[in-house]
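The structure appears below as structure tokens.
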Amino acid sequence: MKAQAPNSAAPRALHQDLLAAAELLGCVLRGESLATALPRLGTKDAAQRGAAQALGFEALRGLGRARALLACMHPKALQPPALEHLMLVSLALLSLPEPRPYAEHTLVFESVQACAARPRTRPARGLVNALLRRLQAQREQLLGQILPLPEARYNHPAWWIEALRCAWPQDWERVLDLAASPPPMTLRVNRRWGTREAYLRLLREAGLDAQAPQAPGLEQALILDRAVAVTRLPLFEQGAVSVQDASAQLAAGLLDPRPGMRVLDACAAPGGKTAHLLELADCELLALERDPQRAPRIEQTLQRLRLPGAELRVADAARPETWWDGRGFDRILLDAPCSASGISRRHPDIRWLRKPQDIPALALQQRELLDALWPMLRPGGRLLYATCSVFPAEGQLQAASFLERHGDALALAAPGQILPDRSPERDGFYYALFAKRADDPA
């Protein structure tokens, strides 16, 4: 049966958006992050880039299900790869629970149009139409066949599912289920600009509703009822507000910078936590970033927020001989490189990019950073270790190992592991706060 055009007008160039989303998916499956792939997308149209990103996110959140459906209906690998990527995007979207972003007949028609738009995939347009129509007709039967498979049910790699199940036997299913939906959009009001209440009034005047969480450490946070482009946020370019997850907003308050203190942000890009530290106190802040491509974002963030200058350096925090002047720090923030497993809801490409061997390698890197930075902390000072991870090797096991190695370290009260299912408005995060014992016990 040939695909029939829908009676109502199709959404704007949906087949082009599907092609762009398939291109993004292909980049991820080849090992490239969405953050690097999106700017190179073959379109100059910002609206199409945004639409492709949204479709790509949906496809990645349903990739396990889409792969299982494709294997069930067409066990032989599809060629060329671009055809497989397009089918995975379309299957992920068509197998979403109600309400779906597009009517079924629209999605089938536009998927066939997308297939026909490229010479290499054009011969397969009949196959694409047949497979999608089969899913339409046999949805319950096909889903019943594949959903017992863990990757299809939870849309994460099998190793990830098993690691989470072992680490959090009471929470793992809810954490994975929560990752199937987009996270909330959380703001941090710049305290140097004004109060949370004042900004909440501006939001409401702009037709945007938000909630003010009452939890400790989130005194400047607002959670929007629905995500919007930052261009719709009042006074965003004037520095009144930043977009930052609630879990990440806890860092600056835990570190508790005071005016005049010497503070190190050891892995600073893109600068959200750096900025928050400066919003809380006029401190002497050194921000390091190893990646020269990401480092400029710190300065851009500080300039937008009209914050007092910090010293910015492109340097590896684990190699202090290349940047440290020998003066101690009163506060050190180590937001360490990690698996980012706690933010896979926000960045669904992460779950498919990570490999099981990444976790021990990252844990070793975190250990090296902790050991390199600890000697720089003055007696009585604080070091905050943070990761956006839900794997114990990057959280409580790392913190326990650090305390065993450093007898002059004292563990202070900190949130420890934050799991998204226990606080659905927050990303998964881990915090450990250490103080260095003073020379004088008094």
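Some observations on this one:
- Qualifying residue in segment 354-370 (condition: in a loop (DSSP other than H, G, I, E, B) and among the polar types (S, T, N, Q)): yes
- Selection status of residue 292, surrounded by fewer than 23 Cβ atoms within 10 Å (Cβ to Cβ), under 22 Å from residue 194 (Cα atoms) and modelled with pLDDT of 95 or more: no
- Restricted to segment 383-421, and to residues there that are in contact with an Asp or Glu (Cβ under 9 Å, 6 or more places away or on another chain) and part of a helix (DSSP H, G or I), the residue that is surrounded by the fewest Cβ atoms within 10 Å (Cβ to Cβ) is 405.
This table checks each residue for (1) of a type in the set (A, V, I, L, M, F, W, C); (2) part of a loop (DSSP other than H, G, I, E, B).
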| position | (1), (2) |
| --- | --- |
| 258 | no, yes |
| 264 | yes, no |
| 269 | yes, yes |
| 273 | no, no |
| 285 | yes, no |
| 298 | yes, no |
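- In segment 69-90, the residues that are within 18 Å of residue 24 (Cα to Cα) and in contact with a Leu (Cβ under 7 Å, 6 or more places away or on another chain): 84, 85, 86, 87, 88, 89, 90
- Flag if residue 424 is assigned to a loop (DSSP other than H, G, I, E, B), of a type outside the set (Asp, Glu) and modelled with pLDDT of 95 or more: no
- Members of segment 24-80 found to be buried (at least 20 other Cβ atoms within 10 Å of the Cβ) and not in a helix (DSSP H, G or I), listed by number: 62
Residue-wise test of (1) crowded, with 18+ Cβ neighbours inside 10 Å; (2) at positive phi.
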position: 192; (1), (2): no, no
position: 200; (1), (2): yes, no
position: 214; (1), (2): no, no
position: 219; (1), (2): no, no
position: 230; (1), (2): no, no
position: 248; (1), (2): yes, no
position: 260; (1), (2): no, yes
position: 271; (1), (2): yes, yes
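- Note on segment 297-308: among residues that are touching a residue at least 60 places away in the same chain (Cβ under 8 Å) and basic (Lys, Arg), the one that is surrounded by the most Cβ atoms within 10 Å (Cβ to Cβ) is 304.
- Within segment 69-104, the set of residues being without any contact (Cβ under 8 Å) to a residue 12 or more places away in the chain and touching a Ser or Thr at 6+ places or on another chain (Cβ under 7 Å) is empty.
- Single residue of segment 136-147 satisfying the filter (closer than 13 Å to residue 72 by Cα and out of contact with any helix residue (DSSP H, G or I) (no Cβ under 7 Å at 6 or more places or on another chain)) that is surrounded by the most Cβ atoms within 10 Å (Cβ to Cβ): 143
- Residue under evaluation residue 208, criteria (1) over 19 Å from the mean Cα position of the chain (by Cα); (2) assigned by TED's automatic domain parsing to the domain that holds residue 304, criterion not met: (2)
- Meets criteria (over 21 Å from residue 193 (Cβ atoms), crowded, with 16+ Cβ neighbours inside 10 Å, in the same structural domain as residue 378 (by TED's automatic domain parsing) and modelled with pLDDT of 95 or more) for residue 311: no
- Boolean, residue 361 is farther than 21 Å from residue 156 by Cβ and either at pLDDT 95 or above or under 22 Å from the mean Cα position of the chain (by Cα) (or both): no
- Test: residue in segment 192-204 that is under 25 Å from the mean Cα position of the chain (by Cα) and either assigned by TED's automatic domain parsing to the domain that holds residue 302 or more than 30 Å from residue 50 (Cβ to Cβ) (or both): no
- Unmet requirement for residue 227, which otherwise passes all of (1) farther than 19 Å from residue 431 by Cβ; (2) modelled with pLDDT of 95 or more; (3) aliphatic (A, V, I, L, M): (2)
- Of all positions in segment 349-361, none carries a residue that is of a type in the set (Gly, Ala, Ser) and surrounded by 19 or more Cβ atoms within 10 Å (Cβ to Cβ).
- In summary, residue 168 fulfils each of the numbered conditions (1) of a type outside the set (Gly, Ala, Ser); (2) assigned by TED's automatic domain parsing to the domain that holds residue 55; (3) touching a strand residue (DSSP E or B) at 6+ places or on another chain (Cβ under 9 Å) with the single exception of condition (2).
The values are calculated or read from the model by the stated rules, or taken from the named source; none is laboratory data. Please read all numbers here as calculations on a predicted model, not as lab measurements. Note that each Cβ is placed from the backbone with ideal geometry, even for glycine, and that neighbours are counted across all protein chains shown.
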